[in-house]
Amino acid sequence: MGFNMTSTPAQASFDAVRPGEERGSEARIARLFEMTSDLLATISLDGRFTLLNPAWEQLLGWTREELLAQPIEAYMHPEDVEQTLLLMHPGTREGAQLESFTNRYRHRDGSWRSLLWSARRDGETWYAAVKDVTDRLWLERQALHDPLTKLPNRLLLMDRACQALTRLHRSDGVVAMLFIDLDKFKAVNDNLGHDAGDALLVGIAERLAELMRDSDTVARLGGDEFVVLAEEIESAEEARALAERVIAALERPFPLANAEVAMLASVGVSVAHSPEANPEEMLREADQAMYRAKSSGGKRLELFDEGLREELSTHIEIGGRLREALPQRELLLAYQPIMPLAGGAAVGCEALVRWRPQGADRLSGEDMLPSTFLPPAEESELIVQIGKWVLHTACAQAEAWRRAGITIPISVNISARELIELDLAERVREELAYCRLPGHALCLEVSEDSVQRDPERARAALKEVKRLGVSIALDRFGSGKYSLGLPSDLPLDIVKLDRGLIESFDRDKERRAMFAATIALAREAGLTAVAVGIETNRQLALARELHCVVGQGFLLHGPTAPTEVRLKERVWSVTSAPWRPRVRLGGSDRR
Ligand code: C2E
Ligand code: MG
């Protein structure tokens, strides 16, 4: 069966159907055999091609003579040889079929083509129809794998989790999911560059893969989040031990181009005992446990348990109700003045959000504090909606006060999501224009944690906001254990010292020293330090002794309704009795 390399398949097909020309059916079949772009072959039981159509030459770049001269494994990927030969073994019974079987063949240029086989054994011969699925497999792989680390992505992880849970029918063990988050990975990206960050992620992927068994799946969800799906685990305790090994493995230094870094990881573990478990829910539980591990200081593991299950369902319930809170006008702003510690009228005023659920199914008798409802809101877009409402309401209030002759700036807290995801500067600019306010009528407060989520974007957003004349405060400084110095790359005007620092003044010398050092640093950098949480005269005296000149606290003025807040008067002086609110707005005014 010759193949004329000079005649094109189209020409050949024209020849095949030329009218009036008599051809036998065998000749026509032979012609079709030559024309089809599908790969057709016969293979002898001793593993040699005996017939190949021309499509093979086009696909693989070898001549048919070359292909026929060698056993079939000669051009096959070494990893695929054993299985292919096993399936086509002479012992395989007469009439046996091969369906949906893929293996790889080498092109003349050295690349690999993936072939999908349909074959049937008839007598001493395998008759095979073969398709080139290289591109399709590549696309499928792309859709299911993370391009950087080549690990399975979330889609594939969920699929594998489904299969693992189904297999629980046949075992007494459990399926475990480990949600791994790298504490301070962002710092590597920031300080050593993105290439180093990428190399580190690849190194972490390799180390995790080394640690796991073949039956386990290591996936990357994106950013610095990895998930391990472990099967063939006996108990929750074994899953915990595995998480400990993960933490220890990541602590061993990773060599990068110009540095060595060890990673501290927070790991959340969820465990399923029954095939009815839901993989998405397992992932959510592991994530929740990881979040708990991270907020307890990181470099630790947390198992999802009943306590966390309750917390999660409260979050879901509160999140659902909160969605209705905005349209139903159930959110309020309380205002807390920021006072000079030498006495006198307010120099600023912070807007603090409250939720007063209405109707019979109120969640509680009092206004709810942000610590109850902002964490669930922060898990979704809801926080951005709330943030927009807060900014708008606070600006409208500032305008009303300006008309009454009160010109102090209003401070608004900005969440991590708003800082990273929104076009913050544009929104602030629009709000200022709408309320006809100058930039200096507003101050945005951002916490260290929020900035840490994506320092680069946070920095860029804040710089833009700053150009509008708005001042920027670093909030809750000293609440994390990492804050040893002031970040020099943020466009700051104010540093607000976390109220935990003042709270522990009496018992904790170290924190007192940190308070004093921060005030000195702030002064040197030309920033205003605000002592937050002054509740007692002793705390006030100490803050003043440490040269802090501005403060915020229940002793000076609690958070209250806008109609009750006293901004103009000299409501407090060092010698007078401390200010006491007449009306409570929100439970934070707990005296
Ligand atoms: P923050 O920005 O550090 O606000 C100061 C918090 O300290 C307020 O709690 C205030 O009521 C409380 N506080 C002030 N003085 C004292 C004191 O002497 N003693 C005690 N024990 N507490 C005092 P609040 O209102 O519960 O807010 C908690 C946090 O929620 C805020 O901390 C802020 O991070 C966040 N938050 C509040 N409102 C908003 C908002 O509108 N948007 C966003 N994203 N976060 C908000
Ligand atoms: Mg604040």
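The values are calculated or read from the model by the stated rules, or taken from the named source; none is laboratory data. In this text, all values refer to a predicted model and were calculated from it rather than measured experimentally. Cβ placement follows ideal geometry from the backbone for every residue including glycine, while neighbour counts extend to all protein chains displayed.
Identify the single condition in (1) buried (at least 18 other Cβ atoms within 10 Å of the Cβ); (2) within 15 Å of ligand 1 (Cβ to nearest atom) that Trp401 does not satisfy, given that it satisfies every other one.
(2)
Would you check if there is a residue in the stretch 165-178 being in a helix (DSSP H, G or I), among the hydroxyl-bearing types (Ser, Thr, Tyr) and over 19 Å from Tyr291 (Cα atoms)?
yes
On the basis of being assigned to a helix (DSSP H, G or I), more than 16 Å from ligand 2 (Cβ to nearest atom) and within 22 Å of Lys294 (Cβ to Cβ), does Glu456 make the cut?
Yes; evaluated as a whole, the condition is true for this residue.
Per-residue answers, yes or no, for (1) within 25 Å of Lys388 (Cβ to Cβ); (2) surrounded by fewer than 20 Cβ atoms within 10 Å (Cβ to Cβ); (3) hydroxyl-bearing (Ser, Thr, Tyr); (4) assigned by TED's automatic domain parsing to the domain that holds Ser479:
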site: Gly268; (1), (2), (3), (4): no, no, no, no
site: Ala289; (1), (2), (3), (4): no, no, no, no
site: Glu324; (1), (2), (3), (4): yes, yes, no, yes
site: Glu330; (1), (2), (3), (4): yes, yes, no, yes
site: Ile338; (1), (2), (3), (4): yes, no, no, yes
site: Ala342; (1), (2), (3), (4): no, yes, no, yes
site: Ala345; (1), (2), (3), (4): no, yes, no, yes
site: Cys349; (1), (2), (3), (4): yes, no, no, yes
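Does any residue of the stretch 174-182 turn out to be surrounded by fewer than 17 Cβ atoms within 10 Å (Cβ to Cβ) and in contact (Cβ under 8 Å) with a residue 40 or more places away in the chain?
No, because not a single residue in the stretch 174-182 is surrounded by fewer than 17 Cβ atoms within 10 Å (Cβ to Cβ) and in contact (Cβ under 8 Å) with a residue 40 or more places away in the chain.
Restricting the search to the stretch 501-514, which residues are surrounded by fewer than 17 Cβ atoms within 10 Å (Cβ to Cβ) and either farther than 13 Å from Ala543 by Cα or of a type in the set (Lys, Arg) (or both)?
Residues satisfying the conditions are Arg507, Asp508, Lys509, Glu510.
Output the number of the condition that Ile318 fails; it satisfies all remaining conditions of (1) within 14 Å of ligand 1 (Cβ to nearest atom); (2) buried (at least 19 other Cβ atoms within 10 Å of the Cβ); (3) under 32 Å from the mean Cα position of the chain (by Cα).
Every condition holds for Ile318 apart from (1).
I need the full set of residues from the stretch 438-448 which are touching a helix residue (DSSP H, G or I) at 6+ places or on another chain (Cβ under 7 Å) and either assigned to a helix (DSSP H, G or I) or surrounded by fewer than 21 Cβ atoms within 10 Å (Cβ to Cβ) (or both), in order please.
Gly439, Ala441
Take the stretch 540-551 and flag every residue that is within 16 Å of ligand 2 (Cβ to nearest atom) and either outside the structural domain of Ile338 (by TED's automatic domain parsing) or more than 16 Å from Phe505 (Cα to Cα) (or both).
Val550
Only one of (1) away from ligand 1 (no atom under 11 Å from the Cβ); (2) assigned to a helix (DSSP H, G or I); (3) buried (at least 18 other Cβ atoms within 10 Å of the Cβ) is not met by Ala377, so which one is it?
So Ala377 meets the others, but not (1).
Only residues that are within 13 Å of ligand 1 (Cβ to nearest atom), small (Gly, Ala, Ser) and in contact with a strand residue (DSSP E or B) (Cβ under 6 Å, 6 or more places away or on another chain): list them for the stretch 439-472, please.
Ser447
Which residue, of Ser411, Ser371, is within 11 Å of ligand 1 (Cβ to nearest atom) and either of a type in the set (Val, Ile, Thr) or surrounded by 21 or more Cβ atoms within 10 Å (Cβ to Cβ) (or both)?
Of the residues listed, the single one that is within 11 Å of ligand 1 (Cβ to nearest atom) and either of a type in the set (Val, Ile, Thr) or surrounded by 21 or more Cβ atoms within 10 Å (Cβ to Cβ) (or both) is Ser411.
Just wondering, is there one or more residues in the stretch 430-438 that are within 16 Å of ligand 1 (Cβ to nearest atom), within 20 Å of the chain's Cα centre (by Cα) and on the phi < 0 side of the Ramachandran plot?
No: the stretch 430-438 contains no residue that is within 16 Å of ligand 1 (Cβ to nearest atom), within 20 Å of the chain's Cα centre (by Cα) and on the phi < 0 side of the Ramachandran plot.
Restricting attention to the stretch 320-346, which residues are over 19 Å from Arg476 (Cα atoms) and within 16 Å of ligand 2 (Cβ to nearest atom)?
Matches in the stretch 320-346: Leu333, Ala346.
Filter the stretch 392-411 for residues that are among the polar types (S, T, N, Q) and at pLDDT 95 or above and give the result.
Result: Thr393, Gln397, Ser411.
Can you list the strands (runs of 3 or more DSSP E) lying wholly within the stretch 263-345 that have 2 or more residues being polar (S, T, N, Q) and touching a residue at least 12 places away in the same chain (Cβ under 8 Å)?
Ranges flagged: 264-272.
If I ask for residues that are of a type in the set (Lys, Arg) and touching a strand residue (DSSP E or B) at 6+ places or on another chain (Cβ under 9 Å), which ones from the stretch 74-124 would you list?
Once the filter is applied, which keeps residues that are of a type in the set (Lys, Arg) and touching a strand residue (DSSP E or B) at 6+ places or on another chain (Cβ under 9 Å), the stretch 74-124 yields Arg93, Arg104, Arg106, Arg113, Arg120, Arg121.
Only one of these conditions is not met by Asp475: (1) in contact with an Asp or Glu (Cβ under 8 Å, 6 or more places away or on another chain); (2) away from ligand 1 (no atom under 15 Å from the Cβ). Which number is it?
Evaluating Asp475 over (1) in contact with an Asp or Glu (Cβ under 8 Å, 6 or more places away or on another chain); (2) away from ligand 1 (no atom under 15 Å from the Cβ) leaves (2) as the failure.
Might you check whether a residue that is part of a helix (DSSP H, G or I), in contact with a Lys or Arg (Cβ under 7 Å, 6 or more places away or on another chain), β-branched (Val, Ile, Thr) and closer than 21 Å to Val269 by Cβ occurs anywhere in the stretch 228-247?
yes
How many residues, within the stretch 383-397, are within 16 Å of ligand 2 (Cβ to nearest atom) and touching a helix residue (DSSP H, G or I) at 6+ places or on another chain (Cβ under 8 Å)?
Of the residues in that region, 4 qualify.
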